[in-house]
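Trainee: Below is one structure. I have some questions about it.
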Amino acid sequence: MCASYGLDPRFSDQQMLDDADDELMEGIRAWAQRNADETLRPTGRLLRNLNPIVLPGESAPMLELGWWGFLVDGRPSRFPSINTRSERLQDKPGSLRGRAIVPATGWYEMQKPSKQWHEFGLDAALFGMAAVTQRGRTEDGSWFTCYSIVMQPAAPQLAGVHDRMPVVLPASFARDWLDGAPTRELMDEALRASAETAARVAVTPRLDDKGTDRLF
């Protein structure tokens, strides 16, 4: 399960979206600078953090602040919704009607039974995680785009730390993910496209300056 991730404004390379326009990239970097050193976490009733996501636009992808997790009847869902299994989307591709890309520079998982936290990433580059979306309303009547990160079995070099990982999309497939028809074939193609990028993901323990295990 991916329950936290990072967006470091110091990224020097972007592997999220081919031909990304300057306004989109500046929006991501500006948000990351305003929220530097913050771990991105699921949104809740009290913790109203909204995180940047990339959505399909009329002429080009656009940036929006999204609610991580689904809202049901005005409240955060009682069922797990911050992640969605890729296998479920293959079986029920209707859930692919709404899609987004989640920009990140790393995600975090705890290795069990050691309880050691690890960071996964592409050498500090900006990359995109596949997500599905749906509109949701809070109790006060506010509407948000809610998102759930799509998870797949971990690449072999990562499986010793955690058995699942996000579907990390190569920049060349990002537009296909945003604009493609919501079919099982799209999810199958996304998994195939993700394989090469997933093979390059590295994992390192999260340690503080004293070399001890660091949470967030």
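The values are calculated or read from the model by the stated rules, or taken from the named source; none is laboratory data. If you're wondering where the values come from, they're calculated on a predicted model, not measured in any experiment. Glycine also receives a Cβ, built like all others from the backbone with ideal geometry; neighbour counts cover every protein chain displayed.
Trainee: Answer with yes or no whether residue 71 is more than 14 Å from the chain's Cα centre (by Cα), within 15 Å of residue 177 (Cα to Cα) and of a type in the set (A, V, I, L, M, F, W, C). Walk me through how you get there before you give the answer.
Mentor: Working: more than 14 Å from the chain's Cα centre (by Cα): yes; within 15 Å of residue 177 (Cα to Cα): no; of a type in the set (A, V, I, L, M, F, W, C): yes.
No: the conditions fail for residue 71.
Trainee: Moving on to the next point. Determine whether segment 18-39 contains at least one residue that is assigned to a strand (DSSP E or B) and in contact (Cβ under 8 Å) with a residue 24 or more places away in the chain. Quick ask: steps written out before the conclusion?
Mentor: Of all residues in segment 18-39, those assigned to a strand (DSSP E or B) come to none.
Checked segment 18-39: no residue is assigned to a strand (DSSP E or B) and in contact (Cβ under 8 Å) with a residue 24 or more places away in the chain.
Trainee: Filter segment 21-46 down to the residues that are at pLDDT below 90 and more than 22 Å from residue 77 (Cβ to Cβ), then identify the one that is surrounded by the fewest Cβ atoms within 10 Å (Cβ to Cβ). Explain how you work it out, then say what you get.
Mentor: Taking segment 21-46 as the starting set, the residues that turn out to be at pLDDT below 90 are 36-38, 44-46.
Then drop every residue that is not more than 22 Å from residue 77 (Cβ to Cβ), which leaves 36-38.
Details: 36: 11, 37: 9, 38: 13.
If we take residues in segment 21-46 being at pLDDT below 90 and more than 22 Å from residue 77 (Cβ to Cβ), then 37 is surrounded by the fewest Cβ atoms within 10 Å (Cβ to Cβ).
Trainee: Can you name the residue in segment 73-125 that is over 23 Å from residue 9 (Cα atoms) and of a type in the set (A, V, I, L, M, F, W, C) and is also surrounded by the fewest Cβ atoms within 10 Å (Cβ to Cβ) among such residues?
Mentor: Taking segment 73-125 as the starting set, the residues that turn out to be over 23 Å from residue 9 (Cα atoms) are 73-99, 110-116.
Still in the running and of a type in the set (A, V, I, L, M, F, W, C): 79, 82, 89, 96, 110.
Values: 79: 7, 82: 22, 89: 26, 96: 23, 110: 18.
Here the answer is 79.
Trainee: I'd like the full set of residues that are among the β-branched types (Val, Ile, Thr) and assigned to a strand (DSSP E or B), limited to segment 40-74. Explain how you work it out, then say what you get.
Mentor: Applying the first criterion (among the β-branched types (Val, Ile, Thr)) to segment 40-74 yields 43, 53-54, 72.
Answer for segment 40-74, where residues must be among the β-branched types (Val, Ile, Thr) and assigned to a strand (DSSP E or B): 53, 54, 72.
Trainee: If you take the residues of segment 47-72 that are surrounded by fewer than 18 Cβ atoms within 10 Å (Cβ to Cβ) and polar (S, T, N, Q), which of them is farthest from residue 187 (Cα to Cα)?
Mentor: Among those that are surrounded by fewer than 18 Cβ atoms within 10 Å (Cβ to Cβ) and polar (S, T, N, Q), it is 49.
Trainee: May I pose another question? Looking at segment 179-212 only, could you name the residues that are crowded, with 20+ Cβ neighbours inside 10 Å and closer than 17 Å to residue 54 by Cα?
Mentor: 190 - this is the single residue of segment 179-212 that is crowded, with 20+ Cβ neighbours inside 10 Å and closer than 17 Å to residue 54 by Cα.
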